Each structure stands twice: as structure tokens, then as C-alpha cells.
Amino acid sequence: MTDASETDKTDTPETHTPDEAERHRAKMERRKAVQDAEVAAKTIEKGLLIVHTGPGKGKTTAALGLMLRALGRGWRVGVVQFIKGGWDTGERRAVAAFGDRVVWHTLGEGFTWETQDKARDVAACRHAWEVAQRLMADASIRLVILDEANIALRYDYLDLAQVVETLRARRPDLHVVVTGRNAKAPLIEAADLVVEMGSLKHHFAAGVKAQEGIEF
Ligand code: ATP
Ligand code: MG
């Protein structure tokens, strides 16, 4: 990796009169006091249940960003892909570099409209959930990503109540990220952090196909 921060000198400070500078300093001092007090009031430490949902792009890639952050902290990470089949993705290739620090299972048989076989999809999702539970029980793993599990839940391929109960009962230090559109209400209710990716524009609508390195 090369670090460009040393050479980035694009910030030019604006010029202020001494009065303006003092007002700004006093304002920032008050703001810092408020922020410090707010930060000091937050004392709980816990493994988070995080949901990335919504129609916009970024649910899976944001989860992979968290994986990178966790790896940087020396943690082991588990990833279970519930829906996607044996696609050759950039992320799959990249995690090979981390060896056994990333345990990655791609268990889906592909999209439902590709397999056109409900019994097979259900069996694949149930197997994926078994693997997910094993990873969540592994004390050496601090972050588990259940990619597209929301899709499996939406189609009732998994028992929603049982999944939510298991996620609620996770180890206190385990972070879990669940991705996929149309997150179910009980999962949102159980989660600590829910992010809805909105879609303002997507190149797909303009006829642009999935781009290597950006979408897979
Ligand atoms: P990504 O993996 O890029 O973070 P995602 O996980 O948010 O995307 P999914 O619902 O898993 O999105 O869909 C996977 C694919 O669908 C991605 O290749 C993405 O570019 C595409 N996609 C996401 N949002 C839209 C959209 N609003 N319109 C069309 N295609 C989309
Ligand atoms: Mg996704």
C-alpha cells in the first residue's frame, strides 16, 4: 500500500480577522464540550446486530468494509452467502490473502429464478443457516456476515422466529451483519443498527451491465 496523505496539500486555510477567529474558537470549544459529554455518556460495550437493507447498492460491500476493519483489528471473520451460487467474485479472491482468518462459505445455489427448484433452495438455505450457527458459536470469530440472509427469510426458506431468537442470544462479544433487501420487521426490531440503502440512481437502468470489480 502507498500512503498519499503526506503529499496531499490541497487544504488551503481561509483567512479570518482576529475577532472571527476568536468567535470560531469559542464556538468550537462549546461544541467540543457538548460532544465530549455525549461520548462520555455512552458506556455500553456489546456485540452488535447490524442489518443492511433497502433497494440501493452497497449492502454487501458495506458488510465487506466491516470485514476489512475487523481484520485490521486482528479478528477472525466468518462469512456465509445465502443466495449467491458459485460466482467468481473479487471479494472471494481477495479474502484468500487472509488465509484462515476469513472463513467463507458460499452455500446458495444461485438466485431462485435461476435454480427454479424451491426444495433445493430451501435445503441450501437451511444448510447455510447450520453453518452460520457453527461460525457464531466459534469463540475465535468476532464478526459474522450473513450475506443475503434477508432474502432467505423473505421467502420463508428459514424460520424467522428461530433465526431472530438465535441472533438475539448471540455471544455478548459477537458482531453479526445481516444483509439483503426487505429485512423483516422482527429482525429490525432485534437489531442494534439498521441501515437502509436508498437508490437515487443505478447504472443498470441505463443499460449498463454489472461491472467487474464494482459489482462482483
Ligand atoms: P453490492 O454487493 O454491490 O454492495 P447490494 O448487496 O446492495 O450490492 P444486492 O441486493 O445484493 O445489492 O444486489 C446485488 C446486485 O444488484 C449488485 O450487483 C448491485 O449493483 C445490483 N443492484 C443493487 N441495487 C440496484 C438497483 N437499485 N438497481 C439495479 N441493480 C441494483
Ligand atoms: Mg448484496
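Comparison of LEU71, LEU66 shows that the only residue that is open to solvent by less than 80 Å² (accessible area, probe 1.4 Å), away from ligand 2 (no atom under 16 Å from the Cβ), modelled with pLDDT of 90 or more and in contact with a strand residue (DSSP E or B) (Cβ under 7 Å, 6 or more places away or on another chain) is LEU71. Applying the condition of being assigned to a loop (DSSP other than H, G, I, E, B) and open to solvent by 60 Å² or more (accessible area, probe 1.4 Å) to segment 203-214 and asking which residue is farthest from ALA70 (Cα to Cα) yields GLY207. For segment 165-186, a residue qualifies if it is part of a helix (DSSP H, G or I) and either within 16 Å of ligand 2 (Cβ to nearest atom) or crowded, with 21+ Cβ neighbours inside 10 Å (or both), and exactly one does: LEU167. So, of the residues in segment 144-160 that are open to solvent by 10 Å² or more (accessible area, probe 1.4 Å) and either part of a helix (DSSP H, G or I) or not assigned by TED's automatic domain parsing to the domain that holds ASN182 (or both), which turns out to be farthest from ligand 1 (Cβ to nearest atom)? Taking the candidates together, the pick is LEU160.
The values are calculated or read from the model by the stated rules, or taken from the named source; none is laboratory data. These figures come from a predicted structure and were not determined experimentally. Heads up, the Cβs are rebuilt from the backbone with ideal geometry, glycines too, and the neighbour counts pull from every protein chain shown. Note: areas computed on protein heavy atoms with side chains; ligands, DNA, RNA excluded. Shrake-Rupley method; radii C 1.70, N 1.55, O 1.52, S 1.80 Å.
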